[in-house]
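The values are calculated or read from the model by the stated rules, or taken from the named source; none is laboratory data. Just so it is clear, the structure is predicted and the values come from calculations on it, not from any experiment. Note that we place each Cβ from the backbone using ideal geometry, even for glycine, and neighbour counts take in every protein chain shown.
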Amino acid sequence: LTDCKVKGIKKNNQNLEVLVSTTDGEKKLETEKVLLAAGRVPELGNINVQGLGIELDRKAIKVDEKMRTNIPSIYAVGDVVGKIMLAHVASREGIVAAENITGKEVLMDYRAVPNCVFSMPEVASVGLTEEESRKENSNIKVSKFPFIANGKALGMGETEGMVKIIANSDTLKLLGVHILGAHASDLIAEGALALSMEATAKEIVNAIHAHPTLAETIAEAVEGITGKPIHREGIEMDPKYKCLNCGRIWRSGEIMVVCPVCRCKPIKIKDGVDIREVVEKLKSGDSKKITRRVKNKSDK
């Protein structure tokens, strides 16, 4: 469920009943367990920070880019410094601290930290959001590519989701990568690498992505930034048709499409095709050639 709020939780025999408010009204979900994950706070334990003279910043230990406190011989890493409270961030902070303790000059960089939500489907993000990008620079380009237009996603039956790329319009430098879909937590690594290297869209598309793979969704989305998308209808597609079996909105274009709800047979459709004819062809098993135009646009 998305775009919803939890209104209450109550005991129901051996299970828990969760009352959820959605755009379609209230729904009840019955489950064995409910996980409450409302964030973290720095836990300093028995460390006498005041006695040591260590400076704090909103109950967290204050450190510089070398992970060093105001006392040169004391370093701090992880959730206690109150930065981005993720395991992979704490690991990198530890490496930065260790390198500096041994005399090297290494700085902690939080600009390209990937964030992942291990839901179904997964969500992953790195860099600036579209809103943040527009606040910093209104001259940006945004491109999207849907999982439903990806061969591997179709084969896996994981067609829900998309890749969204944000870049500077002038330099084509990537500013943000956002993914919703299967294996988003794995795919975001390419986005993190691109941002950490300050790569441009042209540099990303010049790298050959294996086929058929989910990684192609990133390449296709980035191609939209360069203005040379191979599957043009895959960029910013508008919903035009819906499945008459389940009511799901179909997306049009010169691509293979499949209804992700009722799993209609994958077919190739063209803009303007009468969806009623599509359904009849599917029922008859003949989906090879569907070309008749809609006479009245209101009939779509």
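Summary table below
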| read-out | value |
| --- | --- |
| Qualifying residue in the range 167-186 (condition: more than 19 Å from residue 226 (Cα to Cα) and at pLDDT below 95) | no |
| Residue, nearest to residue 170 (Cα to Cα), within the range 182-223, restricted to residues that are within 13 Å of the chain's Cα centre (by Cα), of a type outside the set (Gly, Ala, Ser) and assigned to a helix (DSSP H, G or I) | 218 |
| Meets criteria (surrounded by 10 or more Cβ atoms within 10 Å (Cβ to Cβ) and either among the hydrophobic types (A, V, I, L, M, F, W, C) or assigned by TED's automatic domain parsing to the domain that holds residue 3 (or both)) for residue 29 | yes |
| Qualifying residue in the range 187-197 (condition: of a type outside the set (A, V, I, L, M, F, W, C), over 29 Å from residue 85 (Cα atoms) and crowded, with 22+ Cβ neighbours inside 10 Å) | no |
| Pairs, first more than 18 Å from residue 68 (Cβ to Cβ) in the range 84-95, second part of a helix (DSSP H, G or I), C-beta under 6 Å, six or more apart | 85/79 |
| Check on residue 140, over 13 Å from the mean Cα position of the chain (by Cα) and over 26 Å from residue 171 (Cβ atoms) | no |
| Odd one out for residue 109 among (1) surrounded by 14 or more Cβ atoms within 10 Å (Cβ to Cβ); (2) in contact with a helix residue (DSSP H, G or I) (Cβ under 9 Å, 6 or more places away or on another chain); (3) not β-branched (Val, Ile, Thr) | (1) |
| Pair list, Cβ under 8 Å, 6 or more apart: the range 134-146 residue buried (at least 18 other Cβ atoms within 10 Å of the Cβ), other residue of a type in the set (Asp, Glu) | 140/130; 142/130; 143/223; 143/236; 145/220 |
